[in-house]
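What follows is one structure encoded as structure tokens, with my remarks underneath.
Nothing in this text is a laboratory measurement; each read-out follows from the coordinates by a stated rule. All of these numbers come straight from a predicted model, not from anything done at the bench. Glycine also receives a Cβ, built like all others from the backbone with ideal geometry; neighbour counts cover every protein chain displayed.
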Amino acid sequence: MIKPEDIIRIGPPQLDGVGRMYFGEIARGLGITLGHLFKKKKTVQYPEEERPLRVQNYRGVHRLNRDPDERVACVSCFMCSTACPAHCIHIEAGESPWPDREKYPVKFEIDELRCIYCGMCEEACPVDAIELTTEFDIVGLTREEMVFDKEKLLEVYDQTKQVKPRKNPKITGYSYTGKPQQ
Amino acid sequence: MVDWLVIQFHTQLGFSIVLLLVVIPAVLTGVGYSTYFERKVSAWLQDRHGPNRAGPLGLLQPVADGVKFLLKEDFMPAGADRPLYILAPMLSMGIAMLGLAVIPWGGSYQPAGLAEPLQVQVAGLDIGLLYLLAVGALGVYGVVLAGWSSNNKYAFYGGLRAAAQMVSYEIPLGLSILVIVLASGQLRLENIVEQQTALWWGFLPQWNIFLHPVSFIIMFTCVLAETNRAPFDLAECEQELVGGFHTEYNAMKWAMFFLGEYTHMIVGSAFMVCLFFGGWHVPGLAAEQTTLWGVLLQLAVMGAKISIFIFVFMWIRWTLPRFRFDQLMRLCWKGLLPVSLALALVVVVELFFNVPRSYWSLIGEVGVVAVALVAVSLFRIPVTGRQWYLPDLDNRTPLRGGSV
Ligand code: SF4
Ligand code: SF4
């Protein structure tokens, strides 16, 4: 229950006569901005300079992992496309040519424009075939180009395979301050 | 080259034409680079770098902007008043440039073999000061016409605001200029400048700023308002009016408003430099230089003084928040107007006792401010802030479900 004495009233601060002539406050404000004139600039000159990622579990573009035999690791179980809230994973399964699994993806497409990068697909995958990398600067000139097919997703894996994305980061390592993690 | 032309004409006219051909491109370049500088200053004050991609240090940015503006689609809203819609940006820019004619840029030049020295000024009018005042006040027509002709309610409000603001701020502006006119007894800008070239105690230039600092502050405030610069840019207040008077403008027409605004800034700065900061006077040099190098030095000094003013304009723009419209009006009618009237009165009294341009001026100005301060704080005259006729603030908003 809120009692009247619990309420703190806050009105606008009253200016005294000098304050009402503005000059002091204006001079103070101008002093503050002048100080910033000589401060170190905070801008990161992006294409030349890159800022380290703030969080290591950043969810960027997907990759389709290869197994140790360089085959696509996906077994076409449709778990990811079922889990996907944006319905942006399109898989066509085919009979696997290999004896150790029944199916493999003939077609595997992700519409990177529709994707909301929620990471549900990588959570759902039973064989850790689909993963989200930390790459965020993907571009394309057309919408069609942004639908990544199986070859492209495997290509992403080939380019990023030295990094193991952190799926379940320790929350303690999370930093809002912009300092990169160790 | 200059000498040859002058000798061909043997008149001030020839020199004025040469000067005109130099001043207009110089000012237009200055205007272009003011837009660049504005963005740089805004960036620096916000810990950013500003434009730095087009050319070295981003110096080609104005060129890139110009090309962009020229190549953009020139769109006109349906229902716009066509002739006025097209005329408005031209007026805004053209009128702003008229003021350049009477600015004394660099004293006078005495070439060898010529009896009379040449004024480094396009036109030395007897009423140069009044001309500048009149032309400055005309600048609002561009804004008002733009607001009226675009057939857009936001633009219309922007135009109305500009008109009301201009009418109000003309008065303290005129009064604070009157102070200088009365004290110096001159209406010719070049004479006012010349008067300030003398020295006190052999080192301090007799600039009017030392005699009339309060008038200067009032004039500066009014020039900010006249040029539609923040914190007085209510005519283009984007939070309330989309873009204000230029909501419906694009491409080169839009750019012309801004060229006009920056030209107006340059003219306004030059005006203030002439009235209060000794114009082309080089501090440390007592007399006017009439040799070619002397004139060039004086031109450079004038340019430097104007640049400092332009920097201050930008510095203020990126520091102070915009006024609310009622605050703007109150500041003018209840704040600047009484003070500037009192200042004019004080100068008249000084003239009566025949002591203008002496330490009495400074005493008078400081006295007026002291009286104003006492009045404001003693009687709690609310020039700004919450007004007395409004009900007391009670911020006890009952919380839903609470027991208040
Ligand atoms: S990250 Fe989310 S939205 Fe994107 S494909 Fe995976 S499940 Fe779908
Ligand atoms: S969940 Fe994994 S294995 Fe199943 S279809 Fe998706 S990527 Fe392939």
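Shielding by partners for peptide B:365-373, expressed as the average number of C-beta atoms from other protein chains within 10 Å of each residue's C-beta, is 1.
Two decimals, Cα atoms only, Kirkwood Rh: what is Rg/Rh over chain B?
Taking Rg over the Kirkwood Rh, I get 1.01.
Sorting the segments B:119-127, A:72-80 by their residues' average number of neighbouring beta-carbon atoms within 10 angstrom, most packed first, yields A:72-80, B:119-127.
Considering only B:Pro172, B:Pro338, B:Pro104, the Gaussian network model of chain B with Cα springs below 10 Å gives its largest mean-square fluctuation to B:Pro338.
Site pair B:Phe352 and A:Tyr117 shows an inter-label distance of 7.6 nm when each label is modelled 7 Å from Cα along Cα→Cβ. Among B:Pro77, B:Pro205, B:Pro56, the residue with the largest mean-square fluctuation in a Gaussian network model of chain B, with springs joining Cα atoms closer than 10 Å, is B:Pro56. Divide the volume of the convex hull around the Cα atoms of the range A:62-160 by the residue count and you get 94 Å³ per residue.
With Cα atoms defining each centre, the range B:137-195 and the range B:59-83 are spaced 27 Å apart in the structure.
When Lys and Arg each count +1 and Asp and Glu each count -1, what net charge do the other residues less than 15 Å away from B:Gln61, Cβ to Cβ, add up to? Result for the neighbourhood of B:Gln61: +3. Place a point 7 Å from Cα of B:Met252 in the direction of its Cβ. Which residues in the range B:40-82 have their backbone N less than 18 Å from it? It comes to B:62-77, nothing else. Checking the cross-link pairs B:Lys68/B:Lys253; B:Lys40/B:Lys305; B:Lys72/B:Lys153; A:Lys107/A:Lys152; B:Lys40/B:Lys68 against a 21 Å limit on the alpha carbon distance flags B:Lys72/B:Lys153 as lying beyond it. Going from the residue with the fewest nearby Cβ atoms within 10 Å to the one with the most, B:Glu190, A:Glu151 rank A:Glu151, B:Glu190. Peptide A:35-42 has a mean shielding of 4, counted as Cβ atoms of other protein chains within 10 Å of each residue's Cβ.
Among B:Ser340, B:Ser168, B:Ser42, rank each residue by its count of other Cβ atoms within 10 Å, from fewest to most, as a rough exposure measure. Could you put the intermediate results ahead of the total?
Details: B:Ser340 27, B:Ser168 19, B:Ser42 16.
Placing the least packed residue first, the sequence is B:Ser42, B:Ser168, B:Ser340.
Sorting B:157-167, B:349-359, B:142-152 by average packing, meaning the other beta carbons within 10 Å per residue, from highest down gives B:142-152, B:157-167, B:349-359. For B:Leu182 and B:Ala78, a Förster radius of 30 Å and the Cβ-Cβ distance give a FRET efficiency of 0.05, rounded to the nearest 0.05.
If you take all other residues with their beta carbon under 14 Å from the beta carbon of A:Glu144, and give Lys and Arg +1 and Asp and Glu -1, the sum is -2. Neighbouring Cβ atoms from other chains, within 10 Å of the Cβ of residues in B:317-328, number 2 on average.
Between B:Ala54 and B:Leu341, the distance separating the two model label sites (each 7 Å from Cα on the Cα→Cβ line) works out to 4.9 nm. Within the listed set B:Val179, B:Val214, B:Val242, the residue fluctuating most in the Gaussian network model of chain B (springs between alpha-carbon atoms under 10 angstrom) is B:Val242. In terms of packing, defined here as the mean over residues of other Cβ atoms within 10 angstrom, the peptides B:264-274, A:35-45, A:110-120, B:27-37 line up highest first as B:264-274, B:27-37, A:110-120, A:35-45. Backbone amide hydrogens, once placed in the peptide plane, bring A:Ala93 within less than 5 Å of A:Val106, excluding anything fewer than 5 places away on its chain.
For B:Ser149, the shell of other residues with beta-carbons less than 9 Å away shows a net charge of -1, using +1 for Lys and Arg and -1 for Asp and Glu.
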